Amino acid sequence: MIRFDNSYARMPEGFFARVDPTPVSAPRLLALNGPLADRLGLDRDALTVGMLSGNAVPEGAAPLAQAYAGHQFGGFVPQLGDGRAVLLGEITAPDGARFDIQLKGSGPTPFSRRGDGRAWMGPVLREYLVSEFMAAMDVPTTRALAAVATGEDVWREQGGLPGAVLTRVAASHIRVGTFQFFAVRDRKTDLAALTDHVIARHYPQADGPLALLDQVVAAQAETIAQWMSLGFIHGVMNTDNMAISGETIDYGPCAFMDVYHPDTVFSSIDRQGRYAWANQPNIAVWNLAQFATCLIPLMGEEEAAVEAATHSVHRFAPLYQAAWLRRFGAKLGIEGAPNQALIERLLGLMATQRADFTRVFAGLSDGTARDEFLDRDAFDAWARDWQVLSPDRAAMAQANPRRIPRNHRVEEAIVAAVAGDMAPFERLFAAVTHPCDLREDWAALAHAPTTGQAVLQTFCGT
Ligand code: AMP
Ligand code: MG
């Protein structure tokens, strides 16, 4: 049995719509995350296929779809919300931490607009792999507890595709867009209630909206610096896809760079490069400014509130810069040393020589990094200056994954899964959730794609 305590279901009218998941015809378990179930204190026997598919709502759950708004690619949409997900409820882990248990792909809700409320197996398995890799690298992220095939097809541009449901776990699913939903409607009492809820749940040290803003800014600066240090590109950093908790959320067309270039974009719909790798910190600031705008009405006299909120958002830059230096410093084993110019020189060399991001950093500790460069002399010159700082190899080994969920491997796992073979998924999952281990049997999964294998574009394809 799962002990739910559903605090969001106790929020005022209009925060959500009560809706049960829509049953599916032939649910079949694709993956269950045992270690995560243990960490959450969930009895594995309680995690039945019936529950994980939405066919059986467990006792104590209070399924609901959350309302939110959001800026999508810069354009404001006042009414979004969970269109293909339901929050089953919240649980408290043995360490006292509260978590949302959500089914994604569980059928239509009042917020589905024209969508079918479903997900296909591809994005479900992609999110499962990528979010669990992120968790293994200690990046704040939602987690994947289970994936279930529905036995039903969903219809997308590509035709009929096998449907699936992801069980997603998050500190909460409250987004910048959740605040925007109430702010745009001038619902100040609801905004205040949401603010109190978020402070109690995520930032109990914060003594009001300004302190909350400060903390969200700080949390996002850390998270984005971690994305950058892994070559991660979220792909849809809309304000409805930015969590107040600081967790990475809504893995859509996300991908990791193979070859390093700061302008890299994968998402087929991001034609202007708004969410390119190097632009992610700027977009985070833009999103946080939207969050700040929502909080200003709660911050007293307007002119002073605007000034304080602006100051708070501007703190992102120095916090991010410090986090970036710490992360990349750790990647080079020279955290704490004056290292910015050295890091930038390496990245510059990598960009001009189209070096593989992950392999260069992983190869620094075992001497194979230079193989990733065409102009070895240029790399050697850099490496001499680096060695002078006596890099800490043990720190580097923990900071640099050898294996990431590379696009071509993720797609290979999805193709096999669609054909009924979960073995490639399971192997990739094991390899990327132990990303820093030296393991000969996983060596192939550390290879960069060949020209023919490289995936150049990813699709929302939800
Ligand atoms: P996303 O960009 O994937 O975060 O989704 C943006 C909005 O579209 C959210 O409100 C989603 O709930 C909604 N949405 C995405 N896919 C579907 C779908 N297949 N059915 C219903 N709503 C969807
Ligand atoms: Mg979303």
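A few points about this structure:
- Estimated distance in nm for a label pair at residue 200 and residue 394, the labels positioned 7 Å out from Cα along Cα-to-Cβ: 4.4 nm
- Annotation: the range 1-154 has a Kirkwood hydrodynamic radius of 16.2 angstrom, from the mean reciprocal C-alpha pair distance.
- Here the peptides 284-297, 219-232, 37-50 are ranked by packing, the mean other Cβ count within 10 Å, and the order with the highest first is 219-232, 284-297, 37-50.
- Cα gyration tensor shape of the range 219-267, rounded if a/c is under 1.5, else prolate or oblate by comparing a/b with b/c: oblate
- Label-reachable residues, the range 399-424, where backbone N falls under 20 Å from a point 7 Å from residue 444's Cα toward its Cβ: 402-424
- Annotation for residue 3 and residue 381: the two label points, set 7 Å from Cα along the Cα-Cβ direction, are 6.4 nm apart.
- For the range 1-87, the Stokes-Einstein estimate of translational diffusion at 20 °C and a viscosity of 1.002 mPa s comes to 142 µm²/s, using the Kirkwood hydrodynamic radius over alpha-carbon pairs.
- Among 179, 266, the order by Cβ neighbours within 10 angstrom, fewest to most, reads 266, 179.
- Here is the P(r) of the range 326-399: all C-alpha pair distances, binned every 10 Å from 0, give 21, 61, 18, 0 in whole percents.
- The value obtained for the chain, namely the Cα convex hull volume divided by the number of residues, is 142 Å³ per residue.
- Distance from the C-alpha centroid of the range 382-461 to that of the range 140-157: 22 Å, rounded to the whole angstrom.
- Computed from the Cβ-Cβ distance with R0 of 56 Å, the FRET efficiency linking residue 321 to residue 426 stands at 0.90.
- Over the range 326-399, Cα pairs under 8 Å with separation of 6+ residues give a relative contact order of 42 percent.
- Value at 222 nm in deg cm²/dmol, rounded to 500, when DSSP H runs of n ≥ 4 in the chain each add -39,500 (n - 2.57): -12000 deg cm²/dmol
- Extension gain, residue 307 back to residue 29 (0.36 nm per residue minus Cα-Cα distance, nm): 94.9 nm
- The residue 354 and residue 158 beta-carbon pair, evaluated with R₀ = 25 Å, returns a calculated FRET efficiency of approximately 0.25.
Each reported figure results from applying straightforward, stated rules to the coordinates on display, with no laboratory input. This one's a predicted model, so the numbers in the text were calculated from it and none came from an experiment. Ideal geometry is used to build each Cβ from the backbone, glycine not excepted, and the neighbour counts take in all protein chains shown.
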